[in-house]
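A.B. asks: Would you mind keeping the following structure in view while I ask a few things?
Nothing in this text is a laboratory measurement; each read-out follows from the coordinates by a stated rule. Quick caveat, the model's predicted, so the values are computed rather than measured. Positions of Cβ are backbone-derived with ideal geometry, glycine not excepted, and every protein chain shown enters the neighbour counts.
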Amino acid sequence: MKVLFLCTANSCRSILSEAMFNHLAPAGMKAYSAGSQPKGTVHPLSLKTLDKAGISTEGLYSKLSDVHEALVPNFVITVCDKAASEACPVFFGPATKAHWGLADPSEYQGSPEEVEAAFESTLETIRTRIQGFLALPFKQMGPEQLKAELALIGKL
């Protein structure tokens, strides 16, 4: 099973999602990430937050979604923040799609400690959602039920 996490800059939220998914997922499941307007670098606090949580950062880099043109994901999950009027990337393909909106922790205004806490909180939200995703009985669910469950997970 392949999961593609998409956001705008592919510097924070989708990177954190890719790393957390690959950290928690059993063999046979793999996550990827990309952005519609990638920054070209992973935000340093994304890497620091993952390191602090004991999650590998190996191979993570900010990239345009075109990099995964040949990838045929089973799921595409957008993690951009529509509530902040952020344009979410669109994926045209047969994958099951879901939206798990997250505020961009790099946009948080506060002390360095508060900004780090925003990254850590974002990672914990991602952990909760991915644990919910991994607990789904995929083989027992039809496409509509699966989409409904993914939408519920995105509200956790």
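A.B. asks: Go through (1) more than 24 Å from PRO26 (Cα to Cα); (2) surrounded by 19 or more Cβ atoms within 10 Å (Cβ to Cβ); (3) in contact (Cβ under 8 Å) with a residue 60 or more places away in the chain one by one and return the number of the condition PRO38 breaks.
C.D. replies: Evaluating PRO38 over (1) more than 24 Å from PRO26 (Cα to Cα); (2) surrounded by 19 or more Cβ atoms within 10 Å (Cβ to Cβ); (3) in contact (Cβ under 8 Å) with a residue 60 or more places away in the chain leaves (3) as the failure.
A.B. asks: List every residue pair whose Cβ atoms lie under 6 Å apart, where the two residues are 6 or more positions apart in sequence or sit on different chains, the first residue falls within the stretch 44-68 and is touching a residue at least 24 places away in the same chain (Cβ under 8 Å) and of a type in the set (A, V, I, L, M, F, W, C), and the second residue, located anywhere, is surrounded by 13 or more Cβ atoms within 10 Å (Cβ to Cβ) and in a loop (DSSP other than H, G, I, E, B).
C.D. replies: Note: pairs meeting the criteria are LEU50/THR57; LEU60/VAL42; LEU64/PRO38.
A.B. asks: Among the numbered criteria (1) in contact with a helix residue (DSSP H, G or I) (Cβ under 7 Å, 6 or more places away or on another chain); (2) surrounded by fewer than 17 Cβ atoms within 10 Å (Cβ to Cβ); (3) touching a residue at least 24 places away in the same chain (Cβ under 8 Å), which single criterion is violated by LEU123?
C.D. replies: Condition (2) is where LEU123 drops out.
A.B. asks: When you go through (1) assigned to a loop (DSSP other than H, G, I, E, B); (2) touching a Cys at 6+ places or on another chain (Cβ under 9 Å) one by one for THR122, which number turns out not to apply?
C.D. replies: (1)
A.B. asks: Still on this structure, please answer the following. Would you say THR49 is surrounded by 15 or more Cβ atoms within 10 Å (Cβ to Cβ) and under 15 Å from ALA118 (Cβ atoms)?
C.D. replies: So THR49 passes the test.
A.B. asks: How do the pairs read when you match residues in the stretch 136-156 that are among the polar types (S, T, N, Q) with residues anywhere that are surrounded by 12 or more Cβ atoms within 10 Å (Cβ to Cβ), using Cβ under 9 Å and keeping only pairs 6 or more apart or on different chains?
C.D. replies: none
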